[in-house]
């Protein structure tokens, strides 16, 4: 008699294999979805940093008296809907009378605001700009 051996897997073996694959695959899929969310967040943040740097460079290339500051309002960044910037210029303290060599440091503060993931986020850059005036 040859026997009744059939080649194949039992229902128990197939079920056990699927449970093991599920236990392994679910966390891996979770990693893929969370990495995509972090990718989108970092993309938005990179754009905001770029826009803040661009605005700061624009200000640095301008004479201090021509800089338009808007500390109480937000303006939309041209070409980037959903991104808004704000510029604040803090003037230097008054120098003493009679100073021949005045070094006026203006603090420039640029903020870019955007929304991602249902939250409002903000990037800020600050620098100092010198307005050097020499009385003759």
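The values are calculated or read from the model by the stated rules, or taken from the named source; none is laboratory data. The model shown is predicted, which means the values in this text are computed figures rather than measured ones. So basically every Cβ, Gly included, is an ideal-geometry build from the backbone, and we count neighbours across all protein chains shown.
Exactly one of (1) modelled with pLDDT of 90 or more; (2) in contact with a strand residue (DSSP E or B) (Cβ under 9 Å, 6 or more places away or on another chain) is unmet by residue 23. Its number? Evaluating residue 23 over (1) modelled with pLDDT of 90 or more; (2) in contact with a strand residue (DSSP E or B) (Cβ under 9 Å, 6 or more places away or on another chain) leaves (2) as the failure.
On the given criteria, is residue 50 out of contact with any helix residue (DSSP H, G or I) (no Cβ under 7 Å at 6 or more places or on another chain), at pLDDT below 90 and not in a loop (DSSP other than H, G, I, E, B)? Considered against the rule, which asks whether it is out of contact with any helix residue (DSSP H, G or I) (no Cβ under 7 Å at 6 or more places or on another chain), at pLDDT below 90 and not in a loop (DSSP other than H, G, I, E, B), residue 50 comes out as no.
Being in contact (Cβ under 8 Å) with a residue 60 or more places away in the chain, closer than 17 Å to residue 116 by Cα and part of a helix (DSSP H, G or I), is that true of even one residue in segment 28-37? Write out each step before concluding.
Applying the first criterion (in contact (Cβ under 8 Å) with a residue 60 or more places away in the chain) to segment 28-37 yields 37.
Subsequent filtering for residues that are closer than 17 Å to residue 116 by Cα retains 37.
Checking which are part of a helix (DSSP H, G or I) leaves us with 37.
Among the residues of segment 28-37, at least one is in contact (Cβ under 8 Å) with a residue 60 or more places away in the chain, closer than 17 Å to residue 116 by Cα and part of a helix (DSSP H, G or I), which makes the answer yes.
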